[in-house]
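What follows is a short report on a single structure.
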Amino acid sequence: MRTQKSKIFKALIVIVCLTALILSSKTITSPLRIRIIDFLSPSLKTVNSFFTSARRVLPFGSLREENRLLRERISLLSRKIEELRIVSSDNDRLKELLNFRKTVPFITIPAQVIGRDPSNWSNSIILDKGINSGVRQNKAVLSTRGLVGRVLEVGRYSSKVLLVTDPNSKVGVMIQRNRQGGILVGRPDGRCRMIYIALDSDVMPGDKVITAGFGTIFPKDILVGEVLKVERAPGRLYKSAIIKTADDLSKLEEVMCIK
Amino acid sequence: MYKISRFQIYLIIVAALFLQGSVFNYMEIMGARPDLLLMVVVFFGLFLGPAAGLETGFAAGLLKDIFALDFLWINACILSLSGFAAGIINTQFFKESKRADFIFVFGFTIFSMLLHYLIVSVISTSLALDFRDFFLGSVIPTAIYTGLVSIPIYVKLLDIYNLKETEDYL
């Protein structure tokens, strides 16, 4: 009984200390954390490439089973065709990235996503490029389809990007069609909400949302997403809208960091 | 001390972390992903007691803190508390029922996510997340999803480690 009480007491001390540590933090960035990620980045790359390959190979499982019933030669050929298809789709994706890089009026650094946020609260990704490759803190990150987020922690060989879908993210945006402004805030479910839209604004589902270019982080006129639903709570002075991001941010493989 | 060695416990936590960031990341339904680390911590709390729940919660939370972009120590605190609370109630309920497992994981997911919201609301002056949006759009789907995924995982873990009721491992 006494040991049980002392265990509970120790646990309470641990929890109180942790609470004090959290309350003493002022920002979500931490230099110590990015150093650890820097150190772990080679293993993260390896694990990520293993899972990426596994994800690409998995659909072959059923095909392989089916092919076992067929002649060996047909099996070999069909597998080769599938392999070539993957190479071709990789090629298309990389070409798209390269073409996009040419059309973007900024100098960008291509980077690979090597890690994802394990938390259900925050939305962030880990990139395989850091200060050594020219990545800087508080610079926008794009995909071929639109805005991804901004670099928040930078190490030598890796960096962490706060996605626009993170609850801590806020981006000045506007509706492309009528230039009505608002603020885009993230939600843990991977969608965003555009708040502070004027009541007289005729914003409607399907409208494209672009960056407003206020401040120094996000350049103007970058596609963010499109309006899914417009809401107006009674008694509120502003409308709000649910925004679907231009790219599926949970499945990103390559991104570009603005230099 | 426990029927599962500390090495195995930490191995499961590290494996859960990597699976969470890879496989489970692609298992998204309506924006919700199952929280494997919380699931594992609640499991250790329920079946190994409050000390193990606290210890594994701290380790899993710290790993989460390192890989996430959030206030440092916040996940360590929340998971320690969740693991510890799971350990406290471990002797009071029959844990080998699938329905009980689901209810425990469902409840602890809601508890941990609401606690996260509360702590961030206190620390952050600029949180613009609507509580209703968060609760209905994230907390409930995540809790249901995590609870459902926990059923086969708990069955597997119980099989592997042959963990029965309290007297078997304490």
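The values are calculated or read from the model by the stated rules, or taken from the named source; none is laboratory data. Everything numeric in this text was worked out from a predicted model, so none of it was measured. Ideal geometry is used to build each Cβ from the backbone, glycine not excepted, and the neighbour counts take in all protein chains shown.
Return the total of residues in the range A:205-221 being crowded, with 18+ Cβ neighbours inside 10 Å and either assigned to a loop (DSSP other than H, G, I, E, B) or at positive phi (or both).
3
Report the residue count in the range A:165-198 for those that are of a type in the set (Lys, Arg), within 13 Å of another protein chain (Cβ to nearest Cβ) and not in a strand (DSSP E or B).
Matching residues across the range A:165-198 total 2.
State whether one or more residues within the range A:132-143 are within 29 Å of residue A:40 (Cβ to Cβ) and among the basic types (Lys, Arg).
Checking the range A:132-143: at least one residue is within 29 Å of residue A:40 (Cβ to Cβ) and among the basic types (Lys, Arg).
Conditions tested, residue by residue: (1) within 16 Å of the chain's Cα centre (by Cα); (2) closer than 29 Å to residue B:74 by Cα; (3) modelled with pLDDT under 90; (4) among the polar types (S, T, N, Q).
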{"residue": "A:124", "(1), (2), (3), (4)": "yes, yes, no, yes"}
{"residue": "A:129", "(1), (2), (3), (4)": "yes, yes, no, no"}
{"residue": "A:157", "(1), (2), (3), (4)": "no, yes, no, no"}
{"residue": "A:161", "(1), (2), (3), (4)": "yes, yes, no, no"}
{"residue": "A:173", "(1), (2), (3), (4)": "no, no, no, no"}
{"residue": "A:184", "(1), (2), (3), (4)": "yes, yes, no, no"}
{"residue": "A:189", "(1), (2), (3), (4)": "yes, yes, yes, no"}
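Just wondering, is there one or more residues in the range B:80-91 that are modelled with pLDDT of 90 or more, in contact with a Ser or Thr (Cβ under 6 Å, 6 or more places away or on another chain) and either outside any helix (DSSP H, G or I) or surrounded by 14 or more Cβ atoms within 10 Å (Cβ to Cβ) (or both)?
Yes, there is a match, as at least one residue in the range B:80-91 is modelled with pLDDT of 90 or more, in contact with a Ser or Thr (Cβ under 6 Å, 6 or more places away or on another chain) and either outside any helix (DSSP H, G or I) or surrounded by 14 or more Cβ atoms within 10 Å (Cβ to Cβ) (or both).
Can you pull out every residue in the range A:154-173 that is closer than 17 Å to residue A:223 by Cα and surrounded by fewer than 24 Cβ atoms within 10 Å (Cβ to Cβ)?
A:169, A:170, A:172
Let me confirm something: among A:230, A:224, which residue is surrounded by fewer than 21 Cβ atoms within 10 Å (Cβ to Cβ) and at pLDDT 90 or above?
A:230
Return the residues of the range A:110-163 that are within 7 Å of chain B (Cβ to nearest Cβ), of a type outside the set (A, V, I, L, M, F, W, C) and out of contact with any helix residue (DSSP H, G or I) (no Cβ under 9 Å at 6 or more places or on another chain); say none if nothing qualifies.
A:122
Tell me, which residue of the range B:26-66 that is in a helix (DSSP H, G or I) and among the acidic types (Asp, Glu) is farthest from the other protein chains (Cβ to nearest Cβ)?
Residues of the range B:26-66 in a helix (DSSP H, G or I): B:26, B:36-48, B:50-66.
So of that shortlist, the ones also among the acidic types (Asp, Glu) come out as B:55, B:65.
Values: B:55: 9, B:65: 7 Å.
Result: B:55.
Report, by residue number, each residue of the range B:68-85 that is closer than 16 Å to residue B:50 by Cβ and facing chain A (nearest Cβ under 7 Å).
The answer is B:77, B:80, B:81, B:84.
Of all the residues that make up the range A:228-259, how many are in contact (Cβ under 8 Å) with a residue 24 or more places away in the chain and not in a strand (DSSP E or B)?
9
How many of the residues in the range B:114-150 are touching a Phe, Trp or Tyr at 6+ places or on another chain (Cβ under 8 Å), assigned to a helix (DSSP H, G or I) and modelled with pLDDT under 90?
Number of matching residues: 5.
Tell me yes or no: at least one residue of the range B:95-106 is modelled with pLDDT of 85 or more, part of a helix (DSSP H, G or I) and within 7 Å of chain A (Cβ to nearest Cβ).
No, every residue in the range B:95-106 fails to be modelled with pLDDT of 85 or more, part of a helix (DSSP H, G or I) and within 7 Å of chain A (Cβ to nearest Cβ).
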